[in-house]
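Heads up: the structure comes next, in structure tokens.
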Amino acid sequence: MRGLFRKFKEGLKKQTPTFQKAFDSVFSGAKLDQDALEQLEEALYTADFGVETVEEIIDEIKAAYKADKDMRGQDAARIGATVLARVLEGAEGKVELGNHNPEVIALIGVNGSGKTTTSAKLGYLYQNDGRSVLLGACDTFRAAANEQIKSWSERLGIELVASQHGADSAAVAFDSYAAAKSRGRDLVILDTAGRLHTKTNLMKELEKLDRVIKKQDPSAPHHSWLVVDGSLGSNSIEQARVFHKSFPLTGLIITKLDGTSRGGALVGIYRELKLPIYFVGLGEQPDDLQPFSATNYANAIFGISDDL
């Protein structure tokens, strides 16, 4: 637990000082006034937690302060962390693997969300968990994608099926599944091409990949996870909504939380779609892809660590 919390705290360190400063400033005096509350609200809105979540946090802090005028920043931080964890109740995705042979995970999302890197890190995580993994390089549209995923697969020792730039991505997905099946692999992770959720033709190509995979196994892909760039803030909610309509999602991975002060967007996405969050990206190293923990996330955001 301590090690996992440290990953969250280190990854979110660009956010935490902002909140700590706001809380300490708001509650440094004996009286809570409107100006102080506005300063606190601004810090929360800046991180894109959304209106509902901010109001819940502010309302509970105001109620607690009304009952205890000696309240200080750390007390307020604990309230904020508690409310945030409560809002995210049910958000922690618990991955169940082993019901299919092989199991198929498809990673989708817009350009630049970090799908290729995430697919490699995910393969590394499951390989270290004792599962045999095969990566499918289905991003055939981006010129550097094959080189990037090949470099990761060689670095991490993960099997890869790829084709040349411009090949049919659905065909690569088909070949990846067939290879995993014939070689007795446990898991296939498909790195699909980045696509704008507003482009109909690109979304149809994603639907084609889904149809082709189902020719191998009607229940595949067994897991369809949207990879969302956490630095995009509230803009990511619309992405998730559109992708979910065209390619039914089963969960989320939020990346790049280590490089943003707007990591509250994952709260808005969860409140909007109620999709489980399986992993979050907290850095560049292979083990910086971490299972999502609502408690660790909330505590790291608000700088709470002494009880972990």
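Restricting to the range 207-249, and then to whatever is among the polar types (S, T, N, Q) and outside any helix (DSSP H, G or I), can you tell me which residue is farthest from Ala265 (Cα to Cα)?
Among residues in the range 207-249 that are among the polar types (S, T, N, Q) and outside any helix (DSSP H, G or I), the one farthest from Ala265 (Cα to Cα) is Ser219.
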>> For the list (1) modelled with pLDDT of 90 or more; (2) more than 30 Å from Asn101 (Cβ to Cβ), I need the number of the one condition that Ser151 fails.
In response: (2)
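Could you say whether any residue in the range 248-263 is farther than 29 Å from Ala170 by Cα, at pLDDT below 75 and of a type in the set (Lys, Arg)?
To start, the set of residues in the range 248-263 that are farther than 29 Å from Ala170 by Cα comprises 257-263.
With the extra rule that they be at pLDDT below 75, the set shrinks to 258-263.
Next cut, of a type in the set (Lys, Arg) only: 262.
So far as the range 248-263 goes, yes, one or more of its residues are farther than 29 Å from Ala170 by Cα, at pLDDT below 75 and of a type in the set (Lys, Arg).
Limited to the range 145-184, what total is found for residues that are charged (D, E, K, R), assigned to a loop (DSSP other than H, G, I, E, B) and under 18 Å from Thr118 (Cβ atoms)?
Applying the first criterion (charged (D, E, K, R)) to the range 145-184 yields 147, 150, 154-155, 159, 168, 175, 181, 183.
Now drop any that are not assigned to a loop (DSSP other than H, G, I, E, B), which leaves 168, 183.
This time we only want the ones that are under 18 Å from Thr118 (Cβ atoms), so: none.
Total meeting the criteria: 0.
Could you tell me which of the residues Asp59, Asp48, Asp75 is assigned to a loop (DSSP other than H, G, I, E, B) and more than 28 Å from Glu205 (Cα to Cα)?
Values: Asp59 fails: assigned to a loop (DSSP other than H, G, I, E, B); Asp75 fails: assigned to a loop (DSSP other than H, G, I, E, B).
Exactly one of Asp59, Asp48, Asp75 is assigned to a loop (DSSP other than H, G, I, E, B) and more than 28 Å from Glu205 (Cα to Cα), namely Asp48.
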> Does Asp186 satisfy the criteria of being in contact with a Ser or Thr (Cβ under 6 Å, 6 or more places away or on another chain), touching a residue at least 60 places away in the same chain (Cβ under 8 Å) and either over 23 Å from Ile254 (Cα atoms) or not assigned by TED's automatic domain parsing to the domain that holds Asn235 (or both)?
Replying inline: yes
>> Looking only at residues that are within 23 Å of Lys181 (Cβ to Cβ) and surrounded by fewer than 24 Cβ atoms within 10 Å (Cβ to Cβ) in the range 106-127, which one is nearest to the chain's Cα centre (by Cα)?
In response: Leu125
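I'm trying to understand the selection: among the residues of the range 45-92, which are among the aliphatic types (A, V, I, L, M), closer than 23 Å to Leu252 by Cβ, at pLDDT 90 or above and out of contact with any helix residue (DSSP H, G or I) (no Cβ under 7 Å at 6 or more places or on another chain)? Walk me through it before giving the result.
Of the residues in the range 45-92, the ones among the aliphatic types (A, V, I, L, M) are 47, 51, 54, 57-58, 61, 63-64, 67, 71, 76-77, 79, 81, 83-85, 87-88, 91.
Still in the list and also closer than 23 Å to Leu252 by Cβ: 47, 51, 54, 57, 81, 83-85, 87-88, 91.
With the extra rule that they be at pLDDT 90 or above, the set shrinks to 51, 54, 57, 81, 83-85, 87-88, 91.
Across the range 45-92, the qualifying residue is only Val51.
Against the definition (at pLDDT 90 or above and either in a strand (DSSP E or B) or of a type in the set (Ser, Thr, Tyr) (or both)), how does Thr118 come out, yes or no? First the steps, then the outcome.
Details: at pLDDT 90 or above: yes; either in a strand (DSSP E or B) or of a type in the set (Ser, Thr, Tyr) (or both): yes.
Taking the combined requirement at face value, the residue satisfies it.
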>> When the residues of the range 269-282 are narrowed to those that are assigned to a helix (DSSP H, G or I) and modelled with pLDDT under 85, which ends up surrounded by the fewest Cβ atoms within 10 Å (Cβ to Cβ)?
In response: Glu272
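Within the range 157-167, is there a residue that is under 23 Å from Gly283 (Cα atoms), touching a residue at least 60 places away in the same chain (Cβ under 8 Å) and surrounded by fewer than 21 Cβ atoms within 10 Å (Cβ to Cβ)? I'd like the intermediate steps shown before the answer.
Restricting attention to the range 157-167, the residues satisfying the condition of being under 23 Å from Gly283 (Cα atoms) are 157-158.
Imposing the further condition that a residue be touching a residue at least 60 places away in the same chain (Cβ under 8 Å) reduces the set to none.
The answer is no; no qualifying residue exists.
Among Leu252, Leu266, which is the only one that is of a type outside the set (Lys, Arg), within 10 Å of the chain's Cα centre (by Cα), assigned to a helix (DSSP H, G or I) and surrounded by 19 or more Cβ atoms within 10 Å (Cβ to Cβ)? So that I can check it myself, show each step before the final result.
On the way: Leu252 fails: assigned to a helix (DSSP H, G or I).
One residue alone meets the criteria, Leu266.
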> What number goes with the only condition from (1) outside the structural domain of Ile108 (by TED's automatic domain parsing); (2) polar (S, T, N, Q); (3) without any contact (Cβ under 8 Å) to a residue 60 or more places away in the chain that Gln285 does not pass?
Replying inline: (1)
> Out of all the residues in the range 219-249, which are surrounded by fewer than 18 Cβ atoms within 10 Å (Cβ to Cβ) and either within 13 Å of the chain's Cα centre (by Cα) or aliphatic (A, V, I, L, M) (or both)?
Replying inline: Val242
>> Pairs please, first residue from the range 209-227 and free of Cβ contacts under 8 Å to residues at least 60 places away in the same chain, second anywhere and surrounded by fewer than 16 Cβ atoms within 10 Å (Cβ to Cβ), Cβ atoms under 8 Å, 6+ apart in sequence or on different chains.
In response: Val212/Ala171; Gln216/Ala178; Gln216/Lys181
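The values are calculated or read from the model by the stated rules, or taken from the named source; none is laboratory data. Please read these numbers as outputs of a predicted model, since none were measured by experiment. Cβ coordinates were reconstructed from backbone atoms using ideal geometry, including for glycine residues, and neighbour counts include every protein chain displayed.
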